1. Taking the condition of being more than 19 Å from Arg80 (Cβ to Cβ) and crowded, with 19+ Cβ neighbours inside 10 Å, how many residues in segment 122-151 meet it?
2. Scan segment 108-123 and report the pairs whose first residue is over 9 Å from Arg141 (Cβ atoms) and whose second residue is among the acidic types (Asp, Glu), with Cβ atoms within less than 7 Å and a gap of 6+ or a chain change.
3. Restricting attention to segment 89-104, which residues are in contact with a helix residue (DSSP H, G or I) (Cβ under 8 Å, 6 or more places away or on another chain), more than 20 Å from Asp136 (Cβ to Cβ), assigned to a helix (DSSP H, G or I) and touching a residue at least 12 places away in the same chain (Cβ under 8 Å)?
4. Can you confirm whether segment 16-30 contains a residue that is surrounded by 15 or more Cβ atoms within 10 Å (Cβ to Cβ), of a type in the set (Ser, Thr, Tyr) and touching a strand residue (DSSP E or B) at 6+ places or on another chain (Cβ under 7 Å)?
5. Among the residues that make up segment 37-54, is at least one of them among the acidic types (Asp, Glu) and under 16 Å from the mean Cα position of the chain (by Cα)?
6. For segment 1-29, which positions are assigned to a loop (DSSP other than H, G, I, E, B), more than 20 Å from Thr56 (Cα to Cα) and within 21 Å of the chain's Cα centre (by Cα)?
7. Of all residues being of a type in the set (Ser, Thr, Tyr) and within 19 Å of Asp5 (Cα to Cα) in segment 31-51, which is surrounded by the most Cβ atoms within 10 Å (Cβ to Cβ)? Just the residue, please.
8. Picking from Ser142, Ser76, Ser87, Ser168, which residue would you name as being more than 29 Å from Ala40 (Cβ to Cβ), out of contact with any strand residue (DSSP E or B) (no Cβ under 8 Å at 6 or more places or on another chain), of a type in the set (Ser, Thr, Tyr) and at pLDDT below 95?
Amino acid sequence: MVLMDNATNKIVAHKYHYRENYESAYQMFKEIMESGLQPAAITIDGNTSVIRALKTAWPDIIIQRCRTHIQRQGLSWLRRYPKLEASKDLRKILLTLPAVKDERGGKTFIKDFCCWEDQYGRIVVSLPSKDKVYGDLQRTRSLILHALQQQRISWKVTFPGSRKHTESIVDCRKSIGKLILPGTLI
């Protein structure tokens, strides 16, 4: 595991572990705490054991999921050539993730995902999860929803055009929940 200061791009701490688990992560975080470092936010690959260790060490830390890991996981579940329209459309949205460089790009990604969620969300949830293709589509949807909660993305998105688009963002916001805090970009 490697911890880097985002402001200086300097490695703050590193430790090789045979397995990335709660015990090894917490031990590293404990050493960092003892050295006096108090990180305010961290971006990780999504390992739930590491998330638990972070919350134990620093209960108020902001935890964000790495966009590259979100994209890789989602694309692997959706496959290279998906058959379902919902999967094809969601794959297109995931492929735009590396282009998110600023607040405007973040809002565009959110708008696109919320439009997808408005069109397909209820259908995807109702699909039989035991089917591999449907289950993977559900997992990808869930991955993005959870990542958006963790990312704490701003919801101040302005839609050109009809009132229906504004209502779509409200429906999507209800699906994602009220954990989103304004001001942070993905």
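The values are calculated or read from the model by the stated rules, or taken from the named source; none is laboratory data. Predicted model only: the values in this text are computed from it and were never measured. Note: ideal-geometry Cβ built from the backbone for every residue, glycine included; neighbour counts use all protein chains shown.
1. Qualifying residue count, segment 122-151: 5.
2. Filtered contacts from segment 108-123: Asp118/Asp171.
3. Of everything in segment 89-104, just one residue is in contact with a helix residue (DSSP H, G or I) (Cβ under 8 Å, 6 or more places away or on another chain), more than 20 Å from Asp136 (Cβ to Cβ), assigned to a helix (DSSP H, G or I) and touching a residue at least 12 places away in the same chain (Cβ under 8 Å), namely Pro98.
4. no
5. The answer is yes, given that some residue of segment 37-54 is among the acidic types (Asp, Glu) and under 16 Å from the mean Cα position of the chain (by Cα).
6. Across segment 1-29, the qualifying residue is only Asn6.
7. Taking the candidates together, the pick is Thr43.
8. Ser168
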